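Just so it is clear, none of the values below were taken in a lab; they were calculated from the coordinates. Model, not experiment: these values are computed from the prediction. Here the Cβ positions follow ideal geometry from the backbone for every residue, glycine too, while neighbour counts run over all protein chains shown.
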Amino acid sequence: MKMKLSFRWYGESDPVSLQYISQIPGMRSIVSAVYDVKPGEVWGEESLAKMKKQCEDNGLVFDVVESIPVHEDIKLGRNNVDELLEVYCENIRRCAKYGVKCVTYNFMPVFDWTRTQLDKPAKDGSTSLVMYWEQMKGLDPLKDDIHLPGWDASYTQSEVRELITAYGELGEEGLWKNLTKFLEKVIPVAEECGVRMAIHPDDPPYPIFGLPRIITNEANLDRFLKIVDSPANSLCFCTGSLGCAKFNDIPRMVRKYAEMDRIAFMHIRNVRLLDDGSFEESGHLSACGSMDIYEIVKALVDNDFDGYLRPDHGRMIWGETGKPGYGLYDRALGATYLNGMFEALEKEKAKNE
Ligand SMILES: [Mn+2]
């Protein structure tokens, strides 16, 4: 298979072992990061070397980083932003030195993702992450003390308020400006070291609590790719994140960006969209949610996609406990489903050529 099948691993604290991951048929790459330093700090070479060795010892390759987090001061364009950009570039160089080929990041203000519940039980007893507008209604982080799951607990409520206010003043155009500065600095370094930078879309792809969000739809992805027109400036196309808004036609967008060779990394998962814009993460199979996974994979195969791809969030099934969305079993089922789909579509394509 041309695509490089990968799996996210959260390091030694991850309840899923590298050995178990290596037992998934076709598994090739580990997607991970250095977790022992804060955003804005340089990653230790010992940590990278150790990660590389642990993967190799299990027959896996550590060549995808998710993520090198972008410090809020870079996104806000304030304080010591130039120094922080230097650190960011140094981290790319260090990752490259240990074999990393693809670095994922996002440019979302304050929160990486928003859900209202992480363990919503389905009828079959499995649990998954959901976002229900019913549960969001009336919440105002500028007034109330709110703690949504997944939000960085290291912020105090007053810090969160200060950040939300600062982003409100910055607005979408201000965020674009700071993203442009980031790309103009970082992409030439990535090019030099043979790394493809892959921006993860905003999850969900619309403003929440008035925070500006820009990596959200086709027009904005086009605008993003033009800022620095280089394969090193590419997408981490997440079907679940972009797909939880009805305005995104996911198979069509995958086809378009795969054809342009601007997808460095695919995150494939399914979501079930509800009438009021709420959504539930579901099993990977097309029939389980609103995404047509067949059309998505076909768009990739038709364009000879040879980038990285991982099954994204799974449900918790078979009594497994652990990090919500990142259990072994359902993601392994996702990987196996995707393997089957790729094998069938690639063989079919070869026959017709
Ligand atoms: Mn994703």
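Data table
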read-out: All lysines inside 25 Å of LYS185 as judged from Cα atoms, apart from same-chain residues fewer than 8 positions distant; value: LYS38, LYS75, LYS97, LYS101, LYS177, LYS226
read-out: Taking the chain and dividing mean pair separation by its residue count, relative contact order in percent (alpha carbons under 8 Å, at least six apart); value: 17
read-out: Qualifying trypsin sites (Lys or Arg not before Pro) for the range 28-115 [loop in DSSP, other Cβ within 10 Å: at most 16]; value: ARG78
read-out: Cα-based radius of gyration of the range 271-350 once divided by 2.2 N^0.38 Å, which approximates compact folds; value: 1.20
read-out: Anisotropy class of the range 1-160 from Cα gyration tensor, a/c 1.5 cut; value: oblate
read-out: Per-residue Cβ neighbour rank within 10 angstrom, fewest leading, TYR105, TYR206, TYR20; value: TYR206, TYR20, TYR105
read-out: Inter-centroid distance (Cα atoms) of the range 305-323 relative to the range 8-83, Å; value: 17
read-out: LYS123-TYR10 FRET efficiency (beta carbon distance; Förster radius 22 Å; 0.05 resolution); value: 0.15
read-out: Exposure proxy order (Cβ contacts within 10 Å, fewest to most) of ASP292, ASP304; value: ASP304, ASP292
read-out: Dipole axis of the range 4-352 (+1 Lys, Arg; -1 Asp, Glu on Cβ), positive-most option in PHE111, CYS95, THR165; value: CYS95
read-out: Fewest-first ranking of LEU139, LEU300, using other Cβ atoms within 10 Å as the exposure measure; value: LEU139, LEU300
read-out: Gaussian network model of the chain, springs between alpha carbon atoms under 10 Å - residue of GLN54, GLN23, GLN117 with greatest fluctuation; value: GLN23
read-out: Translational diffusion of the chain, µm² s⁻¹ [Kirkwood Rh, Cα pairs; Stokes-Einstein; 20 °C; 1.002 mPa s]; value: 103
read-out: The chain: calculated mean residue ellipticity at 222 nm from DSSP helix runs of at least 4, using -39500 (n - 2.57); value: -12500 deg cm²/dmol
read-out: Partners for LYS123 among lysines (Cα-Cα distance below 22 Å; same-chain residues under 8 apart left out); value: LYS323
read-out: Eligible aspartates and glutamates near LYS349 by straight Cα distance, threshold 13 Å, same-chain separation 8 or greater; value: ASP302, ASP304
read-out: Distance between modelled label sites at ASP249 and ASP36, nm, 7 Å Cα→Cβ extension; value: 5.0
read-out: Fluctuation leader among PRO201, PRO311, PRO69 - the chain, Gaussian network, Cα springs under 10 angstrom; value: PRO69
read-out: Dipole axis of the range 4-352 (+1 Lys, Arg; -1 Asp, Glu on Cβ), positive-most option in GLY319, MET341, LEU148; value: MET341
read-out: When the convex hull of its Cα atoms is projected in every direction, mean area for the range 1-90 (nm²); value: 6.8
read-out: Residues whose placed amide H lies under 5 Å from that of VAL103, excluding near-sequence neighbours; value: VAL65, ARG196, MET197, ALA198
read-out: The range 209-339: proportion of alpha-carbon pairs further apart than 27 angstrom, %; value: 20
read-out: Within a Gaussian network of the chain (alpha carbon springs, distance under 10 Å), most fluctuating of ILE68, ILE208, ILE187; value: ILE208
